[in-house]
Structure formats: structure tokens, C-alpha cells
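Each value in this text was obtained by applying a stated rule to the coordinates, not by laboratory testing. Remember, predicted model here, so these are calculated numbers, not experimental data. For neighbour counting, all protein chains shown are included, and Cβ atoms are generated from backbone atoms with ideal geometry for every residue, glycine included.
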Amino acid sequence: MRALLEVTLDTEASNKLIADGTVGPTLEGVMSQLKPEAAYFFARNGRRTMLFALDVRDEASVVTACEPFWLRFNADVQLHVCMNAEELQEGLSRLARQSA
């Protein structure tokens, strides 16, 4: 299933990784595991934030998607199951059939 993984980094933890030069390789390693369809990086409420669109194969995959950010970045992590326009249309069609 498609999901958006929103990650907000702990400032102190990420400052240490930036200072010691390991933030890039650490993030590259996590991204190579996640294989996101898309990745975006921005500031939210004054904190470093990332948003990844990725495929979560099953419920157990939530652990492997989220845990690296907790362990390596002390991050706040939110996972949102989402859909594209075609999937929304299919869901609305199913809803209409149920209501009929």
C-alpha cells in the first residue's frame, strides 16, 4: 500500500550527525532501504523535516520504515496511508455500490 512517511528530525541529534559528517551517509543508507518513489526535504515549524512516498507491503513493514529514523535521528515519525486519484475514484465507486 502507498504511504507518506513524514519524519521530523530532533535538532540536537541531527546537529551532531551534521557536525561529524555522518548525516549524508546515514540518510542515504536509510533511503536505499526504503526505496521511496519520491523524497522531499523542508523546514516545518523550524525543524528539519522529510517526506517520503513509499510502498509499505504489509503491516510489519511499518517497523522497518519507521525504526531507522527513531534509532539514528531521534525523530518524530508519522506514517499516513494514502491513495492516488485513481484509487480514490475506485473507493468512491465502491462506496456508491454499497449505498445502492
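Between E28, E87, E59, the residue with the greatest mean-square fluctuation in the GNM of the chain (Cα pairs under 10 Å linked by springs) is E87. Each residue in V23, V63 was given a count of other beta-carbon atoms within 10 angstrom of its own, and listing them fewest first yields V63, V23.
Compared with the dominant Cα axis of the chain, that is its longest principal axis, helix 23-34 is turned about 30°. Computed over the chain with a Gaussian network model linking Cα atoms closer than 10 Å, the most mobile of P25, P68, P36 is P25. Between the entries (i) 13.4; (ii) 14.2; (iii) 15.0, the label attached to Kirkwood radius over Cα pairs in Å calculated for this structure is (iii). Here the Gaussian network model covers the chain, with springs between Cα atoms less than 10 Å apart; of L34, L17, L54, L17 fluctuates the most. Principal-axis analysis of the Cα atoms of the chain puts helix 85-99 at an angle of about 40° to the longest axis. D10 sits among other residues whose Cβ lies under 11 Å from its own Cβ, and their net charge, with Lys and Arg +1 and Asp and Glu -1, is +2.
For S32 and A96, what does the FRET efficiency come to when R0 = 35 Å and r is the distance between their Cβ atoms, rounded to the nearest 0.05? After rounding, the FRET efficiency stands at 0.25. Take every pair of alpha-carbon atoms less than 8 Å apart whose residues are at least six positions apart; their mean separation over the length of segment 7-100 yields a relative contact order of 33 percent.
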